[in-house]
Number of protein chains: 4
Amino acid sequence: MSVMLEFAMFPTDKGESVSEFVSRIIKMIDESGVTYKLTPMGTIVEVETLDEALDVVKKAYSQLEPDCHRIYSSIKLDIRKGKTGRLAQKIESIEKNIGREVKK
Amino acid sequence: MSVMLEFAMFPTDKGESVSEFVSRIIKMIDESGVTYKLTPMGTIVEVETLDEALDVVKKAYSQLEPDCHRIYSSIKLDIRKGKTGRLAQKIESIEKNIGREVKK
Amino acid sequence: MSVMLEFAMFPTDKGESVSEFVSRIIKMIDESGVTYKLTPMGTIVEVETLDEALDVVKKAYSQLEPDCHRIYSSIKLDIRKGKTGRLAQKIESIEKNIGREVKK
Amino acid sequence: MSVMLEFAMFPTDKGESVSEFVSRIIKMIDESGVTYKLTPMGTIVEVETLDEALDVVKKAYSQLEPDCHRIYSSIKLDIRKGKTGRLAQKIESIEKNIGREVKK
């Protein structure tokens, strides 16, 4: 099974720039060994179970919880049985359909 | 602490109408005793911890998992320390600001 | 055609409480005459075309633009041909499936 | 001004695999000349106004409308005054904070 989790999480009580807080989350994910991809609007993680995916959300929250009073998160899940390696394959499949490379 | 979870979850391999599947999730939530509110685009749950919120997502997935091959979910979290009862208060606060009742 | 738009929009440079800004948007929608429903996590609007739906987003932005420096918005669209009146029907359909009233 | 739009759009009446439909949207965006980045969970576009951003959503819908009966879309907007070039800068800023390259 392939569980793709895309999420953004940030404090809304820390003013306009939140990259310090987002960086804590990315550092945690990068060190955790999970398969991921950082995008300009969030982070995409591919794991094998929903539990593993939601654990990433919990650990992300733990990075912000000590010094943030209000936290917002937007999450998407795409869960598909009988698949693996979709983090790379989804883009390849689209490039094959279109017949050329795209910006990624 | 008030954790507000808004989520929609549905299979994408079952054709255009998915209300049978969504109904399973609402039934589970309604029977669980959690504070919730059904909207035309999803369900809003208010709990006290992130763990409780993500447990609702896991249980929702368990309702669809046995006979769905691909499942999509869109989730928003609004976590705020030092608050409770926001499921009712957020709308009341807006009505107070505007000075009249709104459609809800 | 039924276009259901659910959206939340708020400034992220105005501190923890944003209800003043959200109220401006709800006031505009309430006065516009569009079919809508306020929820504790956003606003759901039902219109007949995608253009009308995105016009609501533009007008919402206009309420915040003059004095906000950074604005975040989360939007969902559910567009279905051959349907109308889904703002009420979607919940009724689920209650019929479950066989009882739910919290809404 | 920098308007970052992240969106996913797909039919829900076409079965489990929707890459044919998603490919139409990516092809349109790639040919439009707009600054974009394809991710495994959606497409991120950076433009200068909200109108331009919502025009991308409308054109995406036009690709699916002729032969899809039900369409779902999840959209995020991050609008920030006094900035440009964030499609590259947001990731660079996080790498600078962490002190190393991340997966992207």
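Taken together, the values in this text are just the output of simple stated rules run on the coordinates, not laboratory data. Bear in mind the structure is a predicted one, so any value in this text is a computation, not a measurement. Heads up, the Cβs are rebuilt from the backbone with ideal geometry, glycines too, and the neighbour counts pull from every protein chain shown.
With the simple spin-label model, which puts each label point 7 Å out from Cα in the Cβ direction, the B:GLU101 to A:SER32 separation comes to 4.5 nm.
As a quick test, which of the pairs A:LYS27/D:LYS58; C:LYS14/C:LYS90; B:LYS96/C:LYS76; C:LYS59/D:LYS81 have an alpha carbon distance above 25 angstrom in this structure? In this structure, A:LYS27/D:LYS58; C:LYS14/C:LYS90; B:LYS96/C:LYS76 exceed 25 Å between Cα atoms.
Only Lys, Arg, Asp and Glu carry charge here, each on its Cβ (+1 for the first two, -1 for the last two); on that basis the range C:8-104 has a dipole of about 500 debye about its Cα centre.
Each copy carries a label point for D:ASP67 at 7 Å from Cα along the beta-carbon vector; from one copy to the others these points are 3.0, 5.2, 5.5 nm apart, nearest first. Largest first, the three principal axis extents of the alpha carbons in the protein assembly as shown are 49, 43, 38 Å in whole numbers. Think of chain C as a dipole: +1 on every Lys or Arg Cβ, -1 on every Asp or Glu Cβ, centred on the Cα centre; then among C:PHE7, C:ILE94, C:VAL18, C:ILE94 lies furthest on the positive end. Taking the range C:1-41 and a reference point 7 angstrom along Cα→Cβ of A:GLU16, the backbone N atoms nearer than 15 Å belong to C:11-15. So how tilted is helix B:19-32 from the main axis of chain B? Cα-based, degrees 0 to 90, rounded to 10. Computed tilt is about 60 degrees. Note: relative contact order over the range D:2-98, using C-alpha pairs below 8 Å and six or more positions apart, is 46 percent. Other residues within the sphere of radius under 15 Å centred on the Cβ of B:LYS59, judged by their own Cβ, net out at -4 (K and R +1, D and E -1). Label-point distances for D:LYS103 to the equivalent site in the other copies, using a point 7 angstrom along Cα→C-beta, read 2.4, 3.9, 4.6 nm when ranked shortest first. Considering only the Cα atoms of chain C, their convex hull presents on average a projected area of 7.4 nm². Counting only DSSP beta bridges whose two residues both lie in the protein assembly as shown, roughly 100 percent are antiparallel. Shielding by partners for peptide A:64-71, expressed as the average number of C-beta atoms from other protein chains within 10 Å of each residue's C-beta, is 4. Among chain C residues, the one whose Cβ is nearest the axis of the rotation from C to B, given with its distance rounded to whole Å, is C:THR39, 2. Counting from the shortest, the label point at A:GLU92, 7 Å from Cα toward Cβ, is 3.1, 4.9, 5.6 nm from the same position in each remaining copy.
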